[in-house]
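Engineer: Structure provided below as structure tokens; questions to follow.
Each reported figure results from applying straightforward, stated rules to the coordinates on display, with no laboratory input. Note that this is a predicted model, so its numbers are computed, not measured. Cβ atoms come from the backbone with ideal geometry, glycine included; neighbour counts cover every protein chain shown.
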Amino acid sequence: MKKSLKKSLGVIGATLALGLVLAGCSNSSSSDNSVKKIQDKGTLVVGTSADYAPFEFPIVKNGKKQIVGYDMLIAQKIAKDLNVKLKIENTEFSSLISELKSNKIDLILAGMVSTDQRKKAVAFSKSYYEVENVLLVQKKDADKYKSISSLKGKQVGAQQSTTQQEIGQTQLKNSNLVTESLVTSLTTELSEGKLDGVIVENEIANNYLKQYPNKYAIAKVKLTTPKQYRQVNVALRKGDKGLLKRVNKEITKLQKSGEMTKLFKKAEKIQTEYSK
Ligand code: ARG
């Protein structure tokens, strides 16, 4: 008698404990309805600035313009995991964070790094890529700029509101910094000799070298890339905790299976296929 009472009390105790654990779980994942909201509208809206191959760039496929790239392939995976359609919103890099905050887009995938300042405004997923900064120059100037001082009085371009602009302002104090909203305009001006160099991230520079081997080179000068400017992540609204969990889970999955690396190569392949 005594024994069985003890036993049933034990069972009640365990049930209660399990109940508490479950309540705790459902509480933390339903504390915001960010995932449900997207599933209800049936579409994940991703904001980007498609001037950044191989991360995001436009192609014409079957007569239709389309935004593709590494970030867009990752966005597709996230949308698929949520079981919704993907819509890409192409806009200027400098307006992405305000578009996110005003609910015009759900996520930013734009080769965006998680700077301390941006962290005050938005949340970031775990990182899916690492970058460093270099100076892209005309091929004929490949050996011309070996030091920061050799860039004195030179016209150096950087995209508006990016870490490249910060680097220009803090490290190239004696150069004339030219900021524009599109990386592609800056690199065109570089090829026309209107700019002497453009600060870009290594993968972007490598991509230009590969695409136009006779036009561009990476200068010898060393720029410093602070740690907070290195990690590329997905940006989300701070309150969207449930969505953040799903995004992180998907990134981890893609990294563990080795697919993340394959997506990067796939983006480069799409580029070579469709440019020309
Ligand atoms: N990684 C740099 C930043 O976060 C530049 C990103 C630019 N991205 C783009 N799609 N143009 O500031």
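Engineer: Check which residues have an amide H placed less than 5 Å from Asn176's amide H, if you skip close sequence neighbours.
Structural biologist: For Asn176, the qualifying residues are Gly153, Lys154, Gln155, Val156.
Engineer: On to the next question. Below 19 Å Cα-Cα, how many Lys pairs turn up in region 81-181? Only count pairs eight or more apart in sequence, or on different chains, if you could.
Structural biologist: Close lysine pairs found across region 81-181: 15.
Engineer: So, counting K/R as plus one and D/E as minus one, what does the shell of residues with Cβ under 10 Å around Ser34 add up to?
Structural biologist: +3
Engineer: If you place +1 on the Cβ of every Lys and Arg, -1 on the Cβ of every Asp and Glu, and leave all else neutral, what size is the dipole of the chain about its Cα centre, to the nearest 20 Debye?
Structural biologist: For the chain, the charge dipole is close to 1320 debye.
Engineer: If one computes the Cα centroid of region 133-164 and of region 231-276, what distance in Å separates the two points?
Structural biologist: Using only Cα atoms to place each centre, the spacing works out to 29 Å.
Engineer: Compute the label zone of Lys140 within region 151-180: residues whose backbone N is under 20 Å from the point 7 Å along Cα-to-Cβ.
Structural biologist: Correct set: 151-157.
Engineer: Using a 10 angstrom Cβ neighbour count of at most 16 plus a DSSP loop assignment to flag exposed GluC sites (Glu not before Pro), which longest range of the chain is free of such sites?
Structural biologist: 1-91
Engineer: For Leu209 and Glu92, compute 0.36 nm times the residue count separating them, minus their Cα-Cα distance, and round to one decimal in nm.
Structural biologist: Length difference between fully extended and current span is 39.7 nm.
Engineer: Hydropathy at least 0.0 by Kyte-Doolittle, axial extent at least 30 angstrom from the Cα trace: which helices of the chain, defined as entire DSSP H runs, fit?
Structural biologist: Answer set is 2-29.
Engineer: In nm, to one decimal, how far is the modelled label at Gln160 from the one at Asp81, with both set 7 Å along Cα→Cβ?
Structural biologist: Between Gln160 and Asp81, the simple spin-label model gives 3.3 nm.
Engineer: Work from the charge dipole of the chain (Cβ charges, +1 for Lys and Arg, -1 for Asp and Glu, about the Cα centre) and give the residue of Gln228, Thr91, Gly193 farthest towards its positive end.
Structural biologist: Gln228
Engineer: Quick one: dipole size for region 28-149, taken about the Cα centre, charges +1 on Lys/Arg Cβ and -1 on Asp/Glu Cβ, in debye to the nearest 20.
Structural biologist: Charge dipole of region 28-149: 280 debye, to the nearest 20.
Engineer: Name the trypsin sites (Lys or Arg not before Pro) in region 98-189 that are in a loop by DSSP and that have at most 15 other C-beta atoms within 10 Å, would you?
Structural biologist: Hits after loop and neighbour filter: Lys104, Lys126, Lys146, Lys152, Lys173.
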